[in-house]
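S.K.: Before we start, here is the structure in question, set down as structure tokens.
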Amino acid sequence: MRWIVLPLAVLAVAACKPARPPASDIDRTTVEIERSGCLDSCPVYKLRINSDGVAIFSARDFTGRHPLRSASGDLVIPHEIADKDRRALFQRVNSKAFAELLPDYSSGVSDGPTTTITVNTPSGERRVTQNAVACLRDSKKPGALSSTSIDPQARFVPDVFCETVALIETASCAGFWSAQTRPPQDPNDPRLSPPERCRLPSFGAAANAGSVQP
């Protein structure tokens, strides 16, 4: 999915937000997550969380009727995450556990869901990709795939990766907004019941932006 030129409303969110002077490497961290792959039920989006806590969600509207979609079918939503969530996220991606992750965990499944987290800090860039591989906490579930499954050293993704994805999706509302653009097949999927803070974009217009149905 290509990057989208941000509308003036997105730029206004960043422009109106009071500047927070950086105090540490954590405050100079930016995080990007991209989710793609699989068939109709997987989340597909890009999200960038800037050091000041402003997150920019970019996706294509597969429903064809999202109230905020552009003429080309793209969707761009800004959202300011809570400071406690911003710090929790940046502390996690700067942690020893995250630093010990391998660059790639792949099961060799060509159509499996792919999640990539890219972290930029003053010391450089770090990227970790998960392709259809289960995290360790889910390794006992039926159908859970490990990386390099024909290798004696086959492994699952350390839980810190899935914990980071969950923190990003919850804090930024990306998990809920991705379900609006490509609704899950399960009507009981919790992503279809966003909390109040995720029901309207922060520059909001449409009152039903959080309740688009398939």
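S.K.: Restricting to strands (runs of 3 or more DSSP E) lying wholly in region 46-141: which have 2 or more residues that are open to solvent by 20 Å² or more (accessible area, probe 1.4 Å), touching a residue at least 40 places away in the same chain (Cβ under 8 Å) and polar (S, T, N, Q)?
M.R.: Hits in region 46-141: 114-121.
S.K.: Determine, yes or no, whether Val31 is closer than 21 Å to Cys135 by Cβ, at pLDDT 95 or above and open to solvent by less than 50 Å² (accessible area, probe 1.4 Å).
M.R.: yes
The values are calculated or read from the model by the stated rules, or taken from the named source; none is laboratory data. Being a predicted model, the structure only gives us computed values, none of them experimental. Note that we place each Cβ from the backbone using ideal geometry, even for glycine, and neighbour counts take in every protein chain shown. Just so you know, the surface numbers come from the protein's heavy atoms only, side chains and all, with ligands and any DNA or RNA stripped out. Shrake-Rupley method; radii C 1.70, N 1.55, O 1.52, S 1.80 Å.
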